Amino acid sequence: MIFQGNAIKVSQQADGIVELQFDLAGESINKFNVATLEELAQAVAALGAVAGIRGLVLTSAKPVFIVGADITEFTGLFALGDDAIAGYLDRANAIFSQIEDLPYPTVAAINGYALGGGLEVCLACDFRVMSDAAKIGLPETKLGIIPGFGGTVRLPRLIGVDHAIEWIAGAGEQKPSTALELGAVDAVVTGDLLREAAFDLCSKAASGVFDYKTRRADKTGALALNDIELMMAFTTGKSVVAAQAGKHFPAPMAAVNAMEKAGKCGRLAALKIETSAFLSVARTPQAQALIGIFLNDQLLAKTAKGWEKKASKKVAHAAVLGAGIMGGGIAYQSAYKGTPIVMKDIAQAGLDLGLAEANKLLTKQVEKGRMKPAAMGETLNRIVPTLTYDPVRSVDIVVEAVVENPKVKQAVLSEVEKYVSDDAIITSNTSTISISYLADSLQRPQNFCGMHFFNPVHAMPLVEVIRGKKTSEEAIARTVAYANAMGKKAIVVNDCPGFLVNRVLFPYFAGFVQLVKDGADFQQIDSVMEKWGWPMGPAFLCDVVGIDTCVHAAHVLAEGFPDRMAPGFKTALEVMYDNKRLGQKNNVGFYSHEKDKRGKPVKVATDEVYALLAPHVSARKEYSEEEIIARMMVPMCTEMARCLDENIVESAAEADLSLIYGLGFPVFRGGVCRWMDAIGMKVFVDMADRHTALGKLYEPTASQRAMAAADQKYFA
């Protein structure tokens, strides 16, 4: 044994070839934490003391190669400032350059995921052999940063500028076939042949069959392009990246600019340029937000897994009551992810609609090449349509998804309870109705909870799992386990009007209707909030959700929180509803929903809407962008603070993710709690205090005032 550590061991193999194996102790994956990097430095130093080495092969003892840097260390590192960040990058780059400069050929055997730093250490090697089950990529721009271990330097010299821009700015995972075609790897083999192929390649390179020295010179020198070629490649690349990334995501363009600036440089100068570019984005609000989302998501996954482990049995068979679009979407998602499901309705037309929805979604998967026709058939066979309860008797969990009417839901729930086993879990896909209230109709309320899906089910990641007063931990555990099996992000919340997402969304809508009443143009509000980062403004969002749905939910919340959510005037939403303008579902709402010449949906504002609103709103008034943002966002933030204070949601991390995954809250802002942290709680409280005349929704909570006084944040 040449070297033995907690993450790396180096051993002599046959024919003078040495193996450096990554195997991080106590972890299911390999990652480049600081300790692993230091061990890699020690391992490389140990190699220098051994004579007779002919070649080096990098391998992994885990199912993955290396998934990248340890993101959990970034927050502390970035807080130390630019000098500390630069020192960390310089240290890693010095180690990788030492590997690249070893006096014998080096080969990486990529058995599983090699992402970020995991791919960058492979790029430092002379050759790469990849398993046909592996994937590689540089995903750093998804975190608001750029590759920092030489990725922007080595990748364009290996696969060309155009493809390197696409890989790095796009941050996607690359399949073996693509990697081989572009020259990112030298061979792709089945997993059982990977080790043999890598060692054979290394031995042949050591014997002079393959010229590793010329490869090295190409990879450590300037890009092999003249000035005109360089200019054309980056001019085109930058225009594409600028259009795709937009102004809210600076990292992709920073990476491209670094590649361009380093185009005429050798390795050392190019790495310094990369480090400088990394520093330019590492401590931006976007990087903090995106890294925060990544860490919050890990916490959420761990929490969901913890719930799943508490479940006494697996959900092997499910049922959905009520077909149609929502029921069909739930059935599709369950069957697509492998859990057979019964789809029950009282009418054949409903079943036909539900099956048509599932068939449409599966057909799209086939058309996009993500699924073979045979797999589509197998998935459809996992959906059993029925007009009777007979097939429901044996299921482990039921999702009730009938109309949003308390009496109808209670009747259906009490009826299905008679047919299922005593330990079956029954859930309601309700967006507003109290779970504790619905449980009153059941003999076994401990087996009942909410399971609120967001529409469209297949596209929206979030599922709210709602705990009623009598809900058992077992019911929550099994429901979260089912959500996990469906590929959803489950967040457990306590029962209250609107639960979490709608309770926080409708104060945002309250800010909107108050602004319209006070003379603001709904088109300007939409424009400002879309510019701020929302995928659609509030008027357009109401049209998409359905004006009737919004009015119903607003009334529920007004009844639940009359002190702050009862408007006291006829709202723009009610005006639209009274005039049968329901949004996209009947093609007229705040906007008219039409199709352009190419058949693409477009929204068009008409004078008719302004005429309908005129008797109910003040004279038109111009508002600044800052004023619109404050009046829209303060109510959402104060209500989220109340939800945290009341333990409706357990943590700020889950609170933020609920809005990102359930509403499409701007990811580069990280969530409402992260946004309040970014601007500072004192600034937020001052902003809210300037608007308290508008009502209680604009009053900061006692906890927010305390945080402002103590200069505290939701995220340390």
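The values are calculated or read from the model by the stated rules, or taken from the named source; none is laboratory data. Everything numeric here is computed off the predicted structure, so don't read it as measured data. Note that each Cβ is placed from the backbone with ideal geometry, even for glycine, and that neighbours are counted across all protein chains shown.
Being in contact (Cβ under 8 Å) with a residue 24 or more places away in the chain and either over 22 Å from ALA331 (Cβ atoms) or buried (at least 21 other Cβ atoms within 10 Å of the Cβ) (or both) narrows it down to one residue among ASN429, ASN455; which is it?
ASN429
If you scan the stretch 222-265, which residues turn out to be more than 37 Å from the chain's Cα centre (by Cα) and within 26 Å of PHE127 (Cβ to Cβ)?
Answer for the stretch 222-265, where residues must be more than 37 Å from the chain's Cα centre (by Cα) and within 26 Å of PHE127 (Cβ to Cβ): ALA224, LEU225.
Against the condition modelled with pLDDT of 95 or more and under 23 Å from ALA483 (Cβ atoms), how does VAL412 come out, does it pass?
So VAL412 fits the description; yes.
Is it true that some residue in the stretch 692-699 is over 30 Å from LEU582 (Cβ atoms), surrounded by fewer than 23 Cβ atoms within 10 Å (Cβ to Cβ) and polar (S, T, N, Q)?
Within the stretch 692-699, one or more residues are over 30 Å from LEU582 (Cβ atoms), surrounded by fewer than 23 Cβ atoms within 10 Å (Cβ to Cβ) and polar (S, T, N, Q).
I need a count of the residues in the stretch 474-490 that are surrounded by fewer than 20 Cβ atoms within 10 Å (Cβ to Cβ) and not hydrophobic (A, V, I, L, M, F, W, C).
Number satisfying all stated conditions: 2.
For the list (1) under 20 Å from TYR419 (Cα atoms); (2) in contact with a helix residue (DSSP H, G or I) (Cβ under 6 Å, 6 or more places away or on another chain), I need the number of the one condition that PRO340 fails.
Tallying (1) under 20 Å from TYR419 (Cα atoms); (2) in contact with a helix residue (DSSP H, G or I) (Cβ under 6 Å, 6 or more places away or on another chain), PRO340 fails exactly one: (2).
Regarding SER441, is this residue surrounded by 17 or more Cβ atoms within 10 Å (Cβ to Cβ), farther than 19 Å from ALA319 by Cβ and of a type outside the set (Lys, Arg)?
Spelling it out, it is not the case that SER441 is surrounded by 17 or more Cβ atoms within 10 Å (Cβ to Cβ), farther than 19 Å from ALA319 by Cβ and of a type outside the set (Lys, Arg).
Among the numbered conditions (1) more than 26 Å from the chain's Cα centre (by Cα); (2) buried (at least 17 other Cβ atoms within 10 Å of the Cβ); (3) among the β-branched types (Val, Ile, Thr), tell me where VAL408 comes up short.
Exception for VAL408: condition (2).
Listed residues LEU500, LEU505, LEU515, LEU541; which is in contact with a Ser or Thr (Cβ under 6 Å, 6 or more places away or on another chain), buried (at least 18 other Cβ atoms within 10 Å of the Cβ) and either within 25 Å of HIS691 (Cα to Cα) or not aliphatic (A, V, I, L, M) (or both)?
LEU500
Among (1) touching a Pro at 6+ places or on another chain (Cβ under 9 Å); (2) more than 27 Å from ALA335 (Cα to Cα); (3) buried (at least 17 other Cβ atoms within 10 Å of the Cβ), there is one condition THR471 misses while meeting the rest; what is its number?
The one condition THR471 does not meet is (2).
Under 7 Å between Cβ atoms, at least 6 apart or on separate chains: pull out the pairs that start in the stretch 496-511 with a residue that is without any contact (Cβ under 8 Å) to a residue 60 or more places away in the chain and under 15 Å from PRO538 (Cα atoms) and end on any residue that is small (Gly, Ala, Ser) and in a helix (DSSP H, G or I).
Once the first residue is without any contact (Cβ under 8 Å) to a residue 60 or more places away in the chain and under 15 Å from PRO538 (Cα atoms) and sits in the stretch 496-511, its partners that are small (Gly, Ala, Ser) and in a helix (DSSP H, G or I) give PHE506/ALA553; PHE506/ALA554.
For ASP656, which of the numbered conditions (1) touching a Gly at 6+ places or on another chain (Cβ under 6 Å); (2) part of a helix (DSSP H, G or I); (3) surrounded by fewer than 22 Cβ atoms within 10 Å (Cβ to Cβ) fails to hold?
(3)
Restricting attention to the stretch 579-609, report how many residues are out of contact with any strand residue (DSSP E or B) (no Cβ under 7 Å at 6 or more places or on another chain) and exposed (fewer than 12 other Cβ atoms within 10 Å of the Cβ).
Of the residues in the stretch 579-609, 6 are out of contact with any strand residue (DSSP E or B) (no Cβ under 7 Å at 6 or more places or on another chain) and exposed (fewer than 12 other Cβ atoms within 10 Å of the Cβ).
From the list ALA114, ALA109, ALA124, pick out the single residue that is assigned by TED's automatic domain parsing to the domain that holds GLU181, over 27 Å from THR235 (Cα atoms), at pLDDT 95 or above and under 24 Å from the mean Cα position of the chain (by Cα).
The conditions single out ALA114.
For the stretch 73-189, which fully contained strands (runs of 3 or more DSSP E) count at least 3 residues that are among the aliphatic types (A, V, I, L, M)?
106-110, 187-189
If I filter the stretch 143-159 down to residues being out of contact with any Asp or Glu (no Cβ under 9 Å at 6 or more places or on another chain) and within 16 Å of ALA69 (Cα to Cα), which single residue comes out as surrounded by the fewest Cβ atoms within 10 Å (Cβ to Cβ)?
LEU143
Does the stretch 680-688 contain at least one residue that is touching a Leu at 6+ places or on another chain (Cβ under 6 Å) and part of a loop (DSSP other than H, G, I, E, B)?
Within the stretch 680-688, none of the residues are touching a Leu at 6+ places or on another chain (Cβ under 6 Å) and part of a loop (DSSP other than H, G, I, E, B).
Considering only helices (runs of 4 or more DSSP H) fully contained in the stretch 408-523, which possess at least 3 residues that are closer than 23 Å to PRO391 by Cα, touching a strand residue (DSSP E or B) at 6+ places or on another chain (Cβ under 7 Å) and not assigned by TED's automatic domain parsing to the domain that holds MET636?
Once the helices (runs of 4 or more DSSP H) in the stretch 408-523 are filtered for at least 3 residues that are closer than 23 Å to PRO391 by Cα, touching a strand residue (DSSP E or B) at 6+ places or on another chain (Cβ under 7 Å) and not assigned by TED's automatic domain parsing to the domain that holds MET636, what remains is 473-485.
Considering only the stretch 196-216, how many residues are over 39 Å from the mean Cα position of the chain (by Cα), under 12 Å from CYS125 (Cα atoms) and of a type in the set (Lys, Arg)?
Of the residues in the stretch 196-216, 1 are over 39 Å from the mean Cα position of the chain (by Cα), under 12 Å from CYS125 (Cα atoms) and of a type in the set (Lys, Arg).
How many residues are outside any strand (DSSP E or B) and either farther than 25 Å from ALA197 by Cβ or of a type outside the set (A, V, I, L, M, F, W, C) (or both) when one looks only at the stretch 12-66?
Here the count works out to 28.
Do we have LEU194 as closer than 19 Å to GLY151 by Cβ and crowded, with 20+ Cβ neighbours inside 10 Å here?
Considered against the rule, which asks whether it is closer than 19 Å to GLY151 by Cβ and crowded, with 20+ Cβ neighbours inside 10 Å, LEU194 comes out as no.
Confirm whether GLY183 is without any contact (Cβ under 8 Å) to a residue 40 or more places away in the chain and on the phi > 0 side of the Ramachandran plot.
Considered against the rule, which asks whether it is without any contact (Cβ under 8 Å) to a residue 40 or more places away in the chain and on the phi > 0 side of the Ramachandran plot, GLY183 comes out as yes.
Filter the stretch 689-716 down to residues that are more than 16 Å from GLU639 (Cβ to Cβ) and not in a helix (DSSP H, G or I), then give me how many there are.
6
Which one of ALA205, ALA254, ALA224, ALA243 is in a helix (DSSP H, G or I) and closer than 21 Å to ILE273 by Cα?
None of the other options fit; the residue is ALA254.
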